[in-house]
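So the structure is just underneath, and the comments pick up after that.
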Amino acid sequence: MTDPAAPSAGPTGTAVTLVIADDDEVTRSGLRTLLAAQPGIAVVGEAADGVEAVEQALRLRPDVVLMDVRMPRRNGIDATRQLLAESADPPRVVVITTFENDDYVTAALSAGASGFVLKRRPVREIAEAVRVVAAGEAILFPAALRRMVAARPLGSAQALPQAALTGREEEVLRLMATGLSNPEIAGSLVVSLETVKTHVGNVLTKLGAQNRTHAVVIAYESGLVVPGVVG
């Protein structure tokens, strides 16, 4: 698909580079035009399916891939998993979807996507999601995750017992599942930010989670955090 020689927006040294993967040409073209006009984002490639998404990402090495999940040849779940497996420095993946309760979205998050956005949201919100994950953060929507995971079988039910999290690590994971950032968790627990970062790192390692979002999915699927129950 399209592989422009120059970034679409901003200087290459400062802009977040982006590949857009969506099988609908009208949607893909619209996203490209709108996101290229956003400050700090450079659209460097497009893909019409998961196979092309992987090829483009491995060749162009973007900071972020905006990945549709329902695509021909290879869906966004398998494409995300392949990218993480085959790249030493994989891009962040933001899933873009029509329905927030799509089982494909939860599976993509479990495969390593950093978060998701809805296609119907204003382009500025989609652009902000791209910038946030490029900076190493996750896009968490606790209420939406609760709804998605509540409808799924408990596929990770054994993850927490096997991980042997400490009491404090479980507490940190519960707070992560509410959508709190590391500074907010530090404030809630009255500990230093470095201490929280250490706990979060331990949680990801013990769970074998790809990232923060994946850890939260595991927390819901395992029953540590119960959908609909606060605290």
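The values are calculated or read from the model by the stated rules, or taken from the named source; none is laboratory data. In this text the structure is predicted, and so the values were computed from the model without any measurement. Cβ coordinates were reconstructed from backbone atoms using ideal geometry, including for glycine residues, and neighbour counts include every protein chain displayed. Heads up: the accessible areas ignore ligands, DNA and RNA and are worked out on the full protein's heavy atoms, side chains in. Shrake-Rupley method; radii C 1.70, N 1.55, O 1.52, S 1.80 Å.
Select, from Arg121, Arg74, the only residue that is among the basic types (Lys, Arg) and closer than 22 Å to Gly179 by Cβ. The conditions single out Arg121.
Being farther than 15 Å from Ala134 by Cα, open to solvent by less than 30 Å² (accessible area, probe 1.4 Å) and either modelled with pLDDT of 95 or more or not in a strand (DSSP E or B) (or both) is a description that applies to Val54.
What residue, among those in region 62-84 that are of a type in the set (D, E, K, R) and assigned to a helix (DSSP H, G or I), is least open to solvent (accessible area, probe 1.4 Å)? Walk me through it before giving the result.
We begin by selecting, within region 62-84, every residue of a type in the set (D, E, K, R); these are 63, 68, 70, 73-74, 78, 81.
Next, only the ones that are assigned to a helix (DSSP H, G or I) stay: 78, 81.
Details: Asp78: 69, Arg81: 118 Å².
Filtering region 62-84 for residues that are of a type in the set (D, E, K, R) and assigned to a helix (DSSP H, G or I), the one least open to solvent (accessible area, probe 1.4 Å) comes out as Asp78.
Does Thr98 satisfy being farther than 19 Å from Ala138 by Cα and among the polar types (S, T, N, Q)? For Thr98, the condition - farther than 19 Å from Ala138 by Cα and among the polar types (S, T, N, Q) - is met.
Among the candidates Val94, Val123, the residue that is over 15 Å from the mean Cα position of the chain (by Cα) and closer than 15 Å to Leu35 by Cα is uniquely Val123. State whether the residues of region 77-91 include one that is touching a His at 6+ places or on another chain (Cβ under 8 Å) and modelled with pLDDT under 90. For region 77-91, residues touching a His at 6+ places or on another chain (Cβ under 8 Å) and modelled with pLDDT under 90: absent.
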